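Participant: Would you mind keeping the following structure in view while I ask a few things?
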Amino acid sequence: MPEPTYQADVVVVGAGIAGLSAARRLTSAGVTTVVLEAAHEVGGRMATEKVDGFRLDRVGRLLSTAYPELRRAPGLDGLVLRPFDPGVLLHSDGRHHRAAAQQRGGRSARGALHAVRAFAGAPRPGSGPRRPVAVPGRQVSVPRSRSGAPLGTAVDQARLGAALTRLAGTPVERMLARPELPAAEALVARGLPARTVDGFLRPLLSALLYDPDLTTSSRCADLALHAFASGRLCLPEGGAEALPQRLARTLPPGTVRTGVRVTSVSTTSVTTAEHGEFRCGAVLVATGARAAAELLPGLRVPGFHPVTVVHHTTDEPPATGASLLLDADRGGPVAHTAVVSRVDPTRAPAGRTLVTSTVLGRATPDVDTAVRMHLARLYGVSTARWETLAVHHTAEAVPTMRPPHDLRRPVRLLAGLYVCGDHRDTASVQGALHSAHRAAGAILTDLGGHRSLHTAEPVPTARAA
Ligand SMILES: Cc1cc2nc3c(=O)[nH]c(=O)nc-3n(C[C@H](O)[C@H](O)[C@H](O)COP(=O)(O)OP(=O)(O)OC[C@H]3O[C@@H](n4cnc5c(N)ncnc54)[C@H](O)[C@@H]3O)c2cc1C
């Protein structure tokens, strides 16, 4: 039997959050849309694995409540974001120091940063007087400065607070018009004390940008700090897959076809490995950068930051609450770690603890051993009896954003051929959703007053999701 031919107004290639979000916008506008996904599940890089009742993200997901697209993208309303404790917890010299942003709480519509508070050994907010927290199992050394190394003196902290306050209040377009340097150079050029840069900004930005060397464009670093200063770091309840699952559920039944790999595209059709040709009025390629360049020769392939995420469970939860913990001393491979089950209890079975840690750079065979040793220092407890639940390595996790970085790469290649994904914008969930917003807008503009002419038909053997 010859393969049948299917028709739709738009075929979207890839069911990551970019493709699903674009499909949601298109179907809402009355455009018949088919999303073809090579894998057997939707979500792309935002997958969540289930192991013994734990929900384990392949990505060490850090979202910000300040990401505009999380509020704007249709289909994501109702998404529950679980915030970390305010700011971050910095580990230095065997002690914990909280660097938290105080917000004006309603006095400013933008929720601008009021000041940076830093104090040595801060326990969880609201959990009593601010006394130093000795890291158990280690001799507590005398802090280098009363005001809380690694954030420097009170004057250093005031300067940092002022810089973040300014950034929180700066309109995005103005940030994008600033001269562009590698982030590490820009931080020094702005006259911030070296200890503030090394003790706070470098570990924070490494965690937010997945770039330990801070080669990322200073504009992207400013955007990341802007989101940090004007929102709260958070995790999606239930795991990273909550976003794509929620988007997929809001699409008309049968829109997404999984297990269908696209092998070539044109302005009027796509060819698939499994089901022949799909004819359509327009094609939107919403794959990762490398797959997009294979389908669209000539498209630039960026470099990538490799990322490893390690999940452990223990019966004795470390006493860091729901904080994101960073190592100001950079004494091991872990860039950031958290007792994730404290942030989002749905990720672990009742009474169990889930600790998730993120390592930047290439994977090494002994990564779990190195991570355990580092975690023992960071949390101040023995990790010898911790159980490893999963080690996920993604070689092409996050596209690099070295200067000059175009944050608004074209999404319309030709009338009828479009591209979106995190490689067209900032390399983040916000960037993937924003590129989808732009691409859907371009398609709708090109289609003009067009109303759907075609009815998508089911693919017999592909699984609809
Ligand atoms: C380890 C890790 C940590 C991260 N941490 C963060 C973070 O803390 N904060 C943040 O904001 N972002 C983070 N990110 C980035 C974020 O996950 C991505 O920016 C986002 O998921 C990209 O979505 P996308 O839809 O553009 O691409 P993808 O999720 O890659 O989706 C593309 C889809 O296209 C499909 N596909 C590919 N080729 C074909 C084909 N030929 N035919 C059909 N389908 C095809 C793929 O199977 C995939 O499902 C992280 C990523 C990783 C991997």
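Read-outs: derived from the displayed coordinates by stated rules, not from any lab. Predicted, not measured: the structure shown is a model, and the values here were computed from it. Counting neighbours? That spans all protein chains shown, and the Cβs are built from the backbone with ideal geometry, glycine included.
Participant: Among GLU37, GLU316, GLU241, which comes first, second and so on when ranked by fewest other beta-carbon atoms within 10 Å?
Facilitator: GLU316, GLU241, GLU37
Participant: Could you compute the net charge surrounding HIS393? Neighbours are other residues with a C-beta less than 10 Å from the C-beta of HIS393; K and R count +1, D and E count -1.
Facilitator: That sum, taken over residues with Cβ under 10 Å, equals +2.
Participant: How far is the Cα center of the range 4-82 from the Cα center of the range 214-253, in Å?
Facilitator: 12 Å
Participant: Over the range 334-453, how many percent of alpha carbon pairs lie in each 5 Å bin up to the one with the longest distance?
Facilitator: All Cα pairs, binned at 5 Å, distribute as 2, 9, 14, 13, 12, 11, 10, 9, 8, 6, 3, 2, 1 percent.
Participant: Could you work out the equivalent-ellipsoid semi-axes for the range 209-308, taking the square root of 5 times each eigenvalue of the Cα gyration tensor, largest first, in whole Å?
Facilitator: Sorted largest first and rounded, they come to 32, 21, 12 Å.
Participant: Mind checking Rg over Rh on the range 257-306, alpha carbons, Kirkwood formula for Rh?
Facilitator: 1.01
Participant: Project the alpha carbons of the range 1-71 onto their principal axes and report the range along each, largest first, in whole Å.
Facilitator: 44, 35, 16
Participant: Here's something else I'd like to know. Please report, to one decimal in angstroms, the Kirkwood hydrodynamic radius of the range 146-255 built from all distinct Cα-Cα pairs.
Facilitator: One over the average 1/r among Cα pairs gives 15.8 Å for the range 146-255.
Participant: Let me ask another. Pull up all non-local amide H partners of GLU49: gap of 5 or more, or a different chain, and H-to-H distance under 5 Å with H placed in the peptide plane.
Facilitator: Answer set, sorted by chain and number: LEU56, ASP57, ARG58.
Participant: Related question: Please state, to two decimals, what the Cα-based radius of gyration of the range 342-396 comes to when divided by 2.2 N^0.38 Å (N = residues).
Facilitator: Its radius of gyration relative to the 2.2 N^0.38 Å reference: 1.24.
Participant: Right, another one. For the range 313-342 and the range 365-418, what is the separation of their Cα centres, given in Å?
Facilitator: Between the Cα centre of the range 313-342 and that of the range 365-418, the gap is 16 Å.
Participant: Quick one: length gained pulling ALA158 to VAL188 fully straight, 0.36 nm per residue minus the C-alpha distance?
Facilitator: Difference between extended and current length: 9.1 nm.
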